[in-house]
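Q: One structure coming up, written as C-alpha cells, with questions to follow.
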Amino acid sequence: MRNFLYRSSVLIVTTAGLLCGWQGTVSAQAVRDIGQARVERAFEAAKKQGPLALRDFLVNMPKGADLHVHLSGAVYAESWIRAAGEDGLCIDEKGLKFAKPDTDGCSKISGEIAASDMLTHMQVPANQDLYDKLIDAFSMRSYVPYAGWSGHDQFFATFAHFGGTDKKHTGEWVDEVATRAAAQNEQYMELMDTPPFQHATAIAKQIGWDANFAEYRQKLLDAGLDQELDAAKERVESALELRNQLEHCGQPDAAPACKVEVRFIYQILRGNPREQVFAQTLLGFETISKVSEFVGINFVQPEDGYLSMTDYTLQMKMLDYLHSVYPKVHISLHAGELAPGVVPPEGLRFHIRQAVEIGHAERIGHGVDVMYEDRPQELLKEMAQKHIMVEINLTSNEGILGIKGVDHPLPLYRKVGVPMALSTDDEGVSRIDLTHEYVKAVEDFNLSYAELKQMARTGMEHDFLPGKSLWAKEDVFGAPVSECAGQPLGGEKPTAKCTAFLGANEKAAAQWEQERRFRVFEAKW
C-alpha cells in the first residue's frame, strides 16, 4: 500500500510540475525517463510473448532511415509481373524470366506466354503454377540450398529474371517502397539506383584504359561523358513526379507515404572492365555534384566476383582520386560482404580497411567479414574513432552468406562503439520489411529498446541529407546543438533560434522530426 501511495504521489507531483512549468527535483527530463521506463517494460513484455507480439510492438516504432536499399531488389515479384503484363512482355516458361515479343508476339515454339494472358486467365491451374514459379525465381521465397546452387547464387540470379520492364515504372517502384516504409513509421530512404551510362561505356571503350586518373578523367569529359547527366536528372525527376501523383501528395487526401523523404544513391557496377568502372564512377560523381536528388555513390554487384576481387584495390584508388576532385560527394561502399569459403582466406583480409582508408567510405554496407581482416581490433577501433557507420542487413547476410547469430559481428561492432543501423538491402528479393529486421535483431542478439532506439537515431545521424546534425556530438544522442538546447526535442514549437537552425539544415530537421515521432510513440505507453 505504501508503494502504491508513493507511486501515485510521484505521478501527481510530476503532472503538477509539468502543468506549472516547475523545474524542481522532478523535472521534465524525469518525466521523460519515467515514460522511457514504461516503453522498455512494454517492449520486454512483448519479447517474452514471442516474435508476433514483438513485431506488433516494433511496427509502429520510429525507425528513421533505411539507408541500404537497392530499388530494383526492394520491389516485390508480384509488382514486376504486373508491370510485365502492362508492358506487353512475354514470359519464358522454361527460363522463368521476361522476354520481349517478336513481331508475331510471344513465341509458342520457344515456350513463351504473354504475361498479360497469364494474369488474365489465372483461373487456369497451369497459369497459377507458372505465377508461383516466377515469384520463387524472382526471390528467396521457398528457396532451399542444394548441391551446386547456394543462397548466394539464388539471390544474385534473381535480378536477371525480372529485368526488361519499362523504366516508366520507376515512379511506381518508389511509391511501393515509400508506402511500405510509411506503414512502419520510417521517414527517410536512400534508394540505390543505376541511371543510364551506355554513352559513358562507349566512350571508355573507344579511348581505352589510362592508368593516369587525372588525364583519363579529362579525356572522358572532353569526349562528352557528362551528356548523360540530363538522362539521370530526368529519370529521378519523372519518377518522383509519378510517385507524388500516385500518392496524391500536396492534396487533402495525400497518402502517408508522402511523408517519407526519398533520395538516391548512384550505383556503380563493380564487375565491369576497369575503364568502364572508372567512366561510370566519374559520371556518378559528376551527377551527384549537379543533381540534388542523388546524395551519394556506392559500388554494387557481388563482391566475390572475379573482377570485383582482382580490381578491388584499383577501384578503391579510383575513389581516392575522384574524392580529391569531388570532396563533397558522399561515399558508402559494399565491403566485407564475404565469408570464409566464398573466397580464399587472403580475399577476406583487406576489403573493409581499404574501403575506409583508401575509398573514403563514410558508411560500410554489410561488413560481415571484419574479424577476418588483418588486425581486426585495430580496424574496429579506427571505424569507431572515425564514426564509420555499418549498414546491418541481417536477413540478407543469412540468405547470401549463411552468416547469422553468433557468427555475425554485430555484437563486436557494438562492443567497440562502431555506429550501426539496420537496413533491408533487397526487401523484395528477401520477402521482408524493415520491421522484420528489427525483430530479427532482437531475437538474434537480445537487443533492448534503448539499443534499437540508438540504432534508429544512428541511421538518421549518418544519412547523406545536407546540413548539420541536431546533436552536439557525433553519435552521442544526449544533448542537441546549442541552438536547440533547453527545450523539448521534437516539440511542436521550437524557439526562433532553433527554428532557424532547422530551416537551414535538412539533416537536423529530419532528426527533429524523428524525435517528435519518438515522443508520440512513447507517450502511448
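Values quoted throughout were computed directly from the atomic coordinates according to the rules given, and no laboratory measurement underlies them. As the structure is a computational prediction, the values presented were derived from the model and not from experiment. Cβ atoms come from the backbone with ideal geometry, glycine included; neighbour counts cover every protein chain shown.
Q: With 23 Å as the limit, write out which pairs from 63/524; 259/493; 440/473; 440/468; 133/440 have Cα-Cα distances beyond it, or answer none.
A: As for pairs spanning more than 23 Å Cα to Cα, those are 440/473; 440/468; 133/440.
Q: Just rank 78, 303, fewest to most, by other beta-carbon atoms within 10 angstrom.
A: With the sparsest Cβ surroundings first, the list reads 78, 303.
Q: Still on this structure, please answer the following. Over the chain, what is the relative contact order in percent, taking alpha-carbon pairs closer than 8 angstrom and at least six residues apart?
A: Computed value for the chain: 16 percent relative contact order.
Q: Oh, and also: Kindly express, to the nearest 10 degrees and within the range 0 to 90, the angle between helix 449-461's C-alpha long axis and the longest C-alpha principal axis of the chain.
A: That works out to roughly 60 degrees.
Q: Follow-up question, since we're still on this one. Quick one: helix 506-523 against the long Cα principal axis of the chain, what's the angle to the nearest 10°, folded into 0 to 90?
A: Value to nearest ten degrees: 60.
Q: Enumerate by residue number the trypsin sites (Lys or Arg not before Pro) in the stretch 107-146 meeting two conditions: DSSP loop (anything except H, G, I, E, B), and at most 10 other Cβ atoms within 10 Å of the site's Cβ.
A: Details: sites: 108, 133, 141; in loops: 108, 141.
Filter output for the stretch 107-146: 108.
Q: Also, I was wondering about something else. Restricting the calculation to Cα positions, tell me the Rg (one decimal) and the Dmax (whole number) of the stretch 211-255 in Å.
A: According to the Cα coordinates of the stretch 211-255, Rg and Dmax are 18.5, 56 Å.
Q: Looking only at the chain, where both bridge partners belong to it, what percent of the DSSP beta bridges are antiparallel (to the nearest 5)?
A: Values: 10 of 41 bridges.
Roughly 25 percent of the beta bridges in the chain run antiparallel, per DSSP.
Q: For 52, 434, what ranking results if the residue with the fewest other Cβ atoms within 10 Å of its Cβ goes first?
A: 52, 434
Q: At 10 °C and 1.306 mPa s, what whole-number value in µm²/s does Stokes-Einstein give for the translational diffusion of the stretch 163-292, with Rh from the Kirkwood sum over Cα pairs?
A: Numbers: Rh = 16.2 Å.
Taking Rh from Cα pairs, D becomes 98 µm²/s.
Q: Additional query: Hey, what D do you get for the stretch 65-114 in µm²/s if you plug the Kirkwood alpha-carbon radius into Stokes-Einstein at 25 °C and 0.890 mPa s?
A: Result for D is 201 µm²/s.
Q: Between residue 86 and residue 481, how many nm apart are label points set 7 Å from Cα along the C-beta direction?
A: Label-label distance for residue 86 and residue 481, simple model: 4.1 nm.
Q: If you don't mind, there's one more thing I want to ask. Please give the calculated 222 nm ellipticity per residue for the chain, where each DSSP H segment of at least 4 residues contributes -39500 (n - 2.57) and the sum is spread over every residue; nearest 500 deg cm²/dmol?
A: Theoretical 222 nm ellipticity from helices: -15500 deg cm²/dmol.
Q: Under a cut-off of 12 Å between alpha-carbon atoms, report the aspartates and glutamates in cross-link reach of residue 168, not counting same-chain residues fewer than 8 places apart.
A: In chain and number order, the partners are 86, 87, 234, 237, 241.
Q: Equivalent-ellipsoid semi-axes (√(5λ), Cα gyration tensor) for the stretch 452-525, whole Å, largest first? Spell out each step's value before the answer.
A: Values: eigenvalues 60, 49, 23 Å².
With the √(5λ) rule applied to the stretch 452-525, the semi-axes are 17, 16, 11 Å.
Q: When the gyration tensor of the stretch 371-458 is built from Cα positions, what are the square roots of 5 times its three eigenvalues, in whole Å, from largest to smallest?
A: So the equivalent ellipsoid measures 21, 16, 12 Å along its semi-axes.
Q: Tell me, what is the percent relative contact order of the stretch 65-189, built from C-alpha pairs under 8 Å that lie six or more residues apart?
A: Dividing the mean separation by the residue count of the stretch 65-189 yields 33 percent.
Q: How many percent of all Cα-Cα pairs in the stretch 256-326 sit more than 17 Å apart?
A: Summing the P(r) tail past 17 Å for the stretch 256-326 gives 45 percent.
Q: Restricted to Cα positions, what overall size does the chain have along the principal axes? Three whole-Å values, descending.
A: Extents along the principal axes, in whole Å: 84, 62, 49.
Q: What would the Debye formula give as log10 I(q)/I(0) at q = 0.21 Å⁻¹ for the alpha-carbon point model of the stretch 55-141, no solvent?
A: Once normalised to I(0) and log-transformed, intensities are -0.97.
Q: Further question on the same structure: Please list log₁₀ I(q)/I(0) at q = 0.16, 0.18, 0.21, 0.25 Å⁻¹ for the stretch 358-415, using the Debye equation with identical point scatterers on the alpha-carbon positions.
A: -0.49, -0.62, -0.83, -1.13
Q: Working from Cα positions, state the angle (0 to 90°, nearest 10) between the long axis of helix 198-207 and the longest principal axis of the chain.
A: Value to nearest ten degrees: 60.
Q: Another question, if that's okay. Counting just the Cα atoms, what span does the stretch 388-525 cover along each of its three principal axes? Round to the nearest Å and put the largest first.
A: Computed over the Cα atoms, the extents are 52, 33, 28 Å.
Q: Mind sorting 323, 70 by how few other Cβ atoms lie within 10 Å of their own Cβ, fewest first? Spell out each step's value before the answer.
A: On the way: 323 18, 70 23.
Ascending number of Cβ neighbours within 10 Å: 323, 70.
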